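Worksheet: one structure, shown below.
The values are calculated or read from the model by the stated rules, or taken from the named source; none is laboratory data. Since we're looking at a predicted model, the values are computed, not measured. Neighbour counts are summed over all protein chains in view; Cβ atoms, including those assigned to glycine, are modelled from backbone coordinates with ideal geometry.
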Amino acid sequence: MNTTRKLRMICAGGDKTIAEWNDTTSPQRLAEIEKEFNTKMAQGWFAADISLDELTRQAKDVIIRNFDPKAEILLIPRVQGGRH
Amino acid sequence: MSRQQSDTAFPVGRIDPPHLWPAPNPTQGDYERAKDKARQLLRQIVPESSWREFENKGMLQIIGQRGCYVIYPCSQTEIRDLKSGQCVAFACLQLSISAPTYDRMVAEYLLIKNAEDVYWKTANIFLRTGNEFEIATLFLIAFDIALSVNLLIEVLRYGVTK
């Protein structure tokens, strides 16, 4: 099945999709998306695989460190301690 | 169809939002739209049972190794003891960018679920000792009793001298 997957990021206006790909996407384009992913990670963002689990029908919600072209990925900005 | 052709046929690539936000002057509608999107994302992330609980009680509960976490949209996260269920601390975590509160809940949920220790290292944790309050209360009660006794003695002494 040719499923479209997305790289999404949280931003001020809610989350936005910064890239989409599927099984027919070229390796070059995937490399570009991976580069974008790695850039965000280097900036302190963290990423989660939010793909739907086939068995539980719920989001996997697993934190990932490397780009996974088979996953629906959510990028989350760096977090910090808040004020009392 | 070659890879190159299929890329053209299927428009995968960078997708820009209809308009960039935060705009110079975001309207109330922009805030509401952002809030709705963040809420939808939260719904997608958490299990159905947690979402129902969130809709009913306005909070998300996550059981971790170090405690039970209750995440609220508009206040600090409560950390409860796993056995007694009593609140033992409050945690405060925020995103480094301005984003709807539900996005902060998403971040907290994912961190607690996957990297609880990182959550403890990153969030500001305020332990709720409870003892300070009890000691202060006891001190005030003792002080009030002393004042009352003193007043009674003064009244009696005044009565005797009269």
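Before moving on, here are some points about what is shown:
- Tallying residues that are in contact with a Ser or Thr (Cβ under 6 Å, 6 or more places away or on another chain) and within 7 Å of another protein chain (Cβ to nearest Cβ) within the range A:1-26 yields 4.
- Just one of (1) at pLDDT 95 or above; (2) within 28 Å of residue B:33 (Cα to Cα); (3) within 8 Å of another protein chain (Cβ to nearest Cβ) fails for residue A:29. It is (2).
- Selection count where residues are in contact with a Lys or Arg (Cβ under 9 Å, 6 or more places away or on another chain) and either within 7 Å of chain A (Cβ to nearest Cβ) or of a type in the set (D, E, K, R) (or both), scope the range B:90-102: 7
- Filtering B:74, B:68 for residues that are out of contact with any helix residue (DSSP H, G or I) (no Cβ under 6 Å at 6 or more places or on another chain) and either under 14 Å from residue B:39 (Cβ atoms) or at pLDDT below 95 (or both) leaves a single hit, B:74.
For (1) modelled with pLDDT of 95 or more; (2) touching a strand residue (DSSP E or B) at 6+ places or on another chain (Cβ under 9 Å); (3) part of a helix (DSSP H, G or I), each residue gets a yes or a no:
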| residue | (1), (2), (3) |
| --- | --- |
| B:1 | no, no, no |
| B:8 | no, no, yes |
| B:17 | no, yes, no |
| B:26 | no, no, no |
| B:33 | no, yes, yes |
| B:41 | yes, yes, yes |
| B:53 | yes, yes, yes |
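- When the range A:56-84 is filtered for residues that are in contact (Cβ under 8 Å) with a residue 24 or more places away in the chain, touching a helix residue (DSSP H, G or I) at 6+ places or on another chain (Cβ under 9 Å) and more than 20 Å from residue A:44 (Cα to Cα), only A:69 remains.
- Test: residue in the range B:124-132 that is facing another protein chain (nearest Cβ under 8 Å), surrounded by 10 or more Cβ atoms within 10 Å (Cβ to Cβ) and within 23 Å of residue B:65 (Cβ to Cβ): yes
- Exactly one residue out of A:17, A:3, A:39 is in a loop (DSSP other than H, G, I, E, B) and out of contact with any helix residue (DSSP H, G or I) (no Cβ under 8 Å at 6 or more places or on another chain), and it is A:3.
- Test: residue in the range A:33-43 that is at the interface with chain B (Cβ under 9 Å from one of its Cβ atoms), over 12 Å from the mean Cα position of the chain (by Cα) and surrounded by fewer than 20 Cβ atoms within 10 Å (Cβ to Cβ): no
Residues checked against (1) surrounded by fewer than 17 Cβ atoms within 10 Å (Cβ to Cβ); (2) outside the structural domain of residue B:101 (by TED's automatic domain parsing); (3) of a type in the set (S, T, N, Q):
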{"residue": "B:28", "(1), (2), (3)": "yes, no, yes"}
{"residue": "B:34", "(1), (2), (3)": "no, no, no"}
{"residue": "B:39", "(1), (2), (3)": "no, no, no"}
{"residue": "B:52", "(1), (2), (3)": "yes, no, no"}
{"residue": "B:55", "(1), (2), (3)": "yes, no, no"}
{"residue": "B:61", "(1), (2), (3)": "yes, no, yes"}
{"residue": "B:65", "(1), (2), (3)": "yes, no, yes"}
{"residue": "B:72", "(1), (2), (3)": "yes, no, no"}
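- First in the range B:44-65 and within 13 Å of chain A (Cβ to nearest Cβ), second anywhere and exposed (fewer than 15 other Cβ atoms within 10 Å of the Cβ) and polar (S, T, N, Q), Cβ under 6 Å, 6 or more apart: none
- Subset of the range B:90-145 (residues that are over 19 Å from residue B:42 (Cβ atoms), of a type in the set (Val, Ile, Thr) and in a helix (DSSP H, G or I)): B:118, B:122, B:135, B:137, B:141, B:145
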